[in-house]
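Comments concern the structure below.
Bear in mind that the values in this text are calculations on the coordinates, not laboratory data. This is a predicted model, so every value here is computed, not measured. All Cβ positions, even for glycine, are placed from backbone atoms using ideal geometry, and neighbour counts span all protein chains on display.
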Amino acid sequence: MAKKLLMLVGDYVEDYEVMVPFQALLAVGHSVHAVCPDKKAGDSVATAIHDFEGAQTYSEKPGHRFTLNHDFDGLDPAAYDGLVVPGGRAPEYLRMNPRVLEIVQHFHQANKPIAAICHGAQLLAAAGILQGKTCSAYPACAAEVRLAGGTYAEIGIDQAHTDGKLVTAPAWPAHPAWIAQFLAVLGTTIQHT
């Protein structure tokens, strides 16, 4: 059965981490509402491409524009079956928005599936939902996971981790594992013929 999913994004969200799951979740038949505070359907956010080129951390390059397809104002998180939190730069400032934190807390309190990747863990930590949870994230966010009372999952950059209804991964190379595990938590099955 198709699910209705909410995706929280903002300017300089990581390009692959918003585009790929948005398109993949639509491709398997789910509805995805991509929203951003202070923006409406039809507005767009800037994205950034993070790459791993041998430096001590990722490099950042301009990405594409990502068009929002739903209004942030007035949304009811109770109307959604799951939440997707892409990484990039957006979570560092989205976590300062009280309404965004309330939305994340709703999904946790209602025990609905949550998928977060890379720096998305910053938003989960700020919402106070990592206590007692094991969570993967970009390695630079390990301290935030631990400070929020979670256990940081030290896994390969192409792996994902599921703890109950929380599915997390370190970065976009983990998309196959992360999206597959999120689909499993959602109860989505794909049949090959």
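Taking segment 90-113 as the search range and keeping residues that are charged (D, E, K, R) and part of a loop (DSSP other than H, G, I, E, B), which one is surrounded by the fewest Cβ atoms within 10 Å (Cβ to Cβ)? Working first, answer last.
Kept after step one, since they are charged (D, E, K, R), are these residues of segment 90-113: 92, 95, 99, 102, 112.
Subsequent filtering for residues that are part of a loop (DSSP other than H, G, I, E, B) retains 95, 112.
Numbers: Arg95: 18, Lys112: 20.
Ranking the qualifying residues of segment 90-113, first place goes to Arg95.
Listed residues Lys112, Lys133; which is basic (Lys, Arg) and under 18 Å from Lys3 (Cα atoms)? Let's see the steps before the verdict.
Numbers: Lys133 fails: under 18 Å from Lys3 (Cα atoms).
The match here is Lys112.
Quick one: would you say Gly128 is within 15 Å of Gly10 (Cβ to Cβ), of a type in the set (Gly, Ala, Ser) and touching a Gly at 6+ places or on another chain (Cβ under 9 Å)?
Details: within 15 Å of Gly10 (Cβ to Cβ): no; of a type in the set (Gly, Ala, Ser): yes; touching a Gly at 6+ places or on another chain (Cβ under 9 Å): yes.
Here the answer is no, as Gly128 does not meet what is asked.
Against the conditions (1) assigned to a loop (DSSP other than H, G, I, E, B); (2) under 20 Å from Ile179 (Cβ atoms); (3) of a type outside the set (Lys, Arg); (4) touching a Cys at 6+ places or on another chain (Cβ under 8 Å), where does Phe72 fall short? Just the number, please.
(2)
(1) in a loop (DSSP other than H, G, I, E, B); (2) of a type outside the set (Asp, Glu); (3) under 16 Å from the mean Cα position of the chain (by Cα): which one isn't true of Thr189, the others all being true?
(3)
Can you confirm whether segment 46-53 contains a residue that is outside any loop (DSSP other than H, G, I, E, B) and over 22 Å from Pro176 (Cα atoms)?
If we filter segment 46-53 for residues that are outside any loop (DSSP other than H, G, I, E, B), which is where we start, we get 46-51.
This time we only want the ones that are over 22 Å from Pro176 (Cα atoms), so: 46.
Among the residues of segment 46-53, at least one is outside any loop (DSSP other than H, G, I, E, B) and over 22 Å from Pro176 (Cα atoms), which makes the answer yes.
Within segment 71-86, work out how many residues are buried (at least 18 other Cβ atoms within 10 Å of the Cβ) and either closer than 13 Å to Asp38 by Cα or of a type in the set (Phe, Trp, Tyr) (or both).
Selection size over segment 71-86: 2.
Let me confirm something: among Ala116, Ala184, Ala143, which residue is of a type in the set (Gly, Ala, Ser), surrounded by 15 or more Cβ atoms within 10 Å (Cβ to Cβ) and outside any loop (DSSP other than H, G, I, E, B)?
Numbers: Ala184 fails: surrounded by 15 or more Cβ atoms within 10 Å (Cβ to Cβ); Ala143 fails: surrounded by 15 or more Cβ atoms within 10 Å (Cβ to Cβ).
Checking each option against the conditions leaves just Ala116.
Checking Arg95 against (1) under 15 Å from the mean Cα position of the chain (by Cα); (2) closer than 30 Å to Gln191 by Cα: exactly one of these is not met. Which one?
Arg95 satisfies every listed condition except (2).
Scan segment 9-34 residue by residue and report those that are within 12 Å of the chain's Cα centre (by Cα) and not in a helix (DSSP H, G or I).
If the condition is that a residue be within 12 Å of the chain's Cα centre (by Cα) and not in a helix (DSSP H, G or I), then Val9, Gly10, Val13, Glu14, Ala34 are the ones that fit.
I'd like the full set of residues that are part of a loop (DSSP other than H, G, I, E, B), within 16 Å of Pro173 (Cβ to Cβ) and small (Gly, Ala, Ser), limited to segment 127-140. First the steps, then the outcome.
Applying the first criterion (part of a loop (DSSP other than H, G, I, E, B)) to segment 127-140 yields 127-133, 136-138.
From what is left, the residues that are within 16 Å of Pro173 (Cβ to Cβ) are 136-138.
Within segment 127-140, Ser136, Ala137 meet the criteria.
Take the residues of segment 150-181 that are surrounded by fewer than 22 Cβ atoms within 10 Å (Cβ to Cβ) and small (Gly, Ala, Ser): which is nearest to Ala27 (Cα to Cα)?
Ala180
Yes or no, residue by residue, for (1) more than 15 Å from Gly120 (Cβ to Cβ); (2) touching a His at 6+ places or on another chain (Cβ under 8 Å); (3) surrounded by fewer than 19 Cβ atoms within 10 Å (Cβ to Cβ):
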| site | (1), (2), (3) |
| --- | --- |
| Val20 | no, yes, yes |
| Ser31 | yes, no, yes |
| Asp38 | yes, no, yes |
| Ile49 | yes, no, yes |
| Gly88 | no, yes, no |
